[in-house]
Amino acid sequence: MASEKSVPTARQRVARQHKHPVNQLFHDEATVGERVADQAASGIGSWWFLAIQSVIIAVWIAINSVEFFTHKWDIYPFILLNLAFTIQAAFTGPVLLLSGNRQAQKDRLRLEHTAEVAEAAEKATLQILEEIERNTEATLKVLEHLKKRRDAKGAVQA
Amino acid sequence: MAQSSTQAPAPLGAAHKAAVVHRLRRAHRNPDAAHKHPINQAHYTDATLGERLADRVAAIIGSWPFIIGQSVLMVLWVYLNVWAIFIKHWDPYPFILLNLVLSFQATYAGPIVLLAGNRQSQKDRITLEHAADESDKGEQHITKILIEIKKNTELTLQILQELEAEPV
């Protein structure tokens, strides 16, 4: 049922050329490092990541505490698991900042674009005002001309 | 009489857009660039010493060299404490000291993330204030235009009266 002109979703947009110049610079022209940073942030910040992490933790604790399993490498109180958590946190912080820096960069770029657009718009608005003022002047002259003609006619008739 | 103005209004065409993109590309990735928008000027150019430091720290920790360097150090630590034969193993398996070091890093990274976040939300706040100012200015322009058009309509109506009063 979707019409042919339906607006592409954000997900579909990713694969395409962006229309807004800030998106073009920021997404379409991103360097490899920037692309990987975006991927990392969206990978860690997803339900999939949380779900898989939870499963791994559960399996780790199960194997190392339930007697049924024979090969144990990190018994209670799970010191190596603690290290694994810390390593995850130690990487999440920098990736968070990486992603935040990138958003700040986009914000900066967007404001610069806004300033450009606002400047052009103000120029256009002032031009419109000027044009209307010119029109008013012209209309005023037409009115004066008509009045003059009427007065001249009146004088002739008198 | 008044000459007819057939000259096209200043175009906002492809050339203008290309110039804008060119200027934006120069500012891209360079927070020290000369900014055009007053909020960017206030946020970057007029930043205090503490704010500049916060930006620098966030830029360093949130960078690929930091992440890659940290990974290399971690691997080196584990290597030296498990396989190295030429050095005393100062933190054997399960690497409790490494855990402490990384916890230390995470303890500082958290507040620094918030520091950077606070700075962004401060910027967001003053951006909105500026948008409100700009909106007021736009409204003033539109009001002026409206007054001018009304004046024009009044004159046109007077002309109509004059014309109607003329004997046909």
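So which of B:LEU115, B:LEU98 ends up being in contact with a Phe, Trp or Tyr (Cβ under 7 Å, 6 or more places away or on another chain) and either of a type outside the set (S, T, N, Q) or modelled with pLDDT under 90 (or both)?
B:LEU98 is the lone residue from the list that is in contact with a Phe, Trp or Tyr (Cβ under 7 Å, 6 or more places away or on another chain) and either of a type outside the set (S, T, N, Q) or modelled with pLDDT under 90 (or both).
Here's a check for you: in the range A:1-37, which residue that is within 14 Å of the chain's Cα centre (by Cα) and surrounded by fewer than 10 Cβ atoms within 10 Å (Cβ to Cβ) is modelled with the highest pLDDT?
Checking each candidate, the answer is A:LYS19.
Take the residues of the range B:62-96 that are over 30 Å from A:VAL32 (Cβ atoms), assigned to a helix (DSSP H, G or I) and more than 10 Å from every other protein chain (Cβ to nearest Cβ): which is farthest from the chain's Cα centre (by Cα)? Steps first, please.
Filtering the range B:62-96 for residues over 30 Å from A:VAL32 (Cβ atoms) gives B:80-96.
From what's left, assigned to a helix (DSSP H, G or I): B:80-82, B:96.
From the residues that got through so far, the ones that are more than 10 Å from every other protein chain (Cβ to nearest Cβ) too are B:80-82.
Values: B:LEU80: 44, B:ASN81: 45, B:VAL82: 47 Å.
It comes out as B:VAL82.
Answer yes or no: is there a residue in the range A:65-81 that is more than 7 Å from every other protein chain (Cβ to nearest Cβ), farther than 30 Å from B:PHE95 by Cβ and not polar (S, T, N, Q).
No: zero hits.
Looking at the range A:111-124, is at least one residue assigned to a helix (DSSP H, G or I), more than 10 Å from chain B (Cβ to nearest Cβ), surrounded by 13 or more Cβ atoms within 10 Å (Cβ to Cβ) and touching a Leu at 6+ places or on another chain (Cβ under 6 Å)? Full working, then the answer.
Of the range A:111-124, the ones assigned to a helix (DSSP H, G or I) are A:111-124.
Then keep just the ones that are more than 10 Å from chain B (Cβ to nearest Cβ); that gives none.
So far as the range A:111-124 goes, no, none of its residues is assigned to a helix (DSSP H, G or I), more than 10 Å from chain B (Cβ to nearest Cβ), surrounded by 13 or more Cβ atoms within 10 Å (Cβ to Cβ) and touching a Leu at 6+ places or on another chain (Cβ under 6 Å).
Got a number for residues in the range A:123-158 being among the acidic types (Asp, Glu) and modelled with pLDDT under 90?
1
Please determine, by comparing only the residues of the range B:60-103 that are crowded, with 17+ Cβ neighbours inside 10 Å and among the small types (Gly, Ala, Ser), which one is farthest from A:ALA90 (Cα to Cα).
Filtering first and then ranking leaves B:SER63.
Go through A:ARG134, A:ARG110 for me and flag whichever is touching a residue at least 12 places away in the same chain (Cβ under 8 Å) and not acidic (Asp, Glu).
When all the criteria are applied, what remains is A:ARG110.
I'd like the full set of residues that are more than 7 Å from chain A (Cβ to nearest Cβ) and surrounded by 15 or more Cβ atoms within 10 Å (Cβ to Cβ), limited to the range B:45-59.
Result: B:ALA47, B:GLU51, B:ALA54, B:ASP55, B:VAL57.
Run A:ARG102 past the list (1) within 8 Å of another protein chain (Cβ to nearest Cβ); (2) touching an Asp or Glu at 6+ places or on another chain (Cβ under 8 Å) and report the number of the one that doesn't hold.
The number of the failed condition is (1).
How about the range A:38-80: which of its residues are aliphatic (A, V, I, L, M), at pLDDT below 90 and assigned to a helix (DSSP H, G or I)?
Correct list: A:ALA40, A:ALA41, A:ILE44.
The values are calculated or read from the model by the stated rules, or taken from the named source; none is laboratory data. Keep in mind the model is a prediction, meaning the values are calculated, not measured. Here the Cβ is made from the backbone with ideal geometry for all residues, glycine too, and neighbour counts use every protein chain on show.
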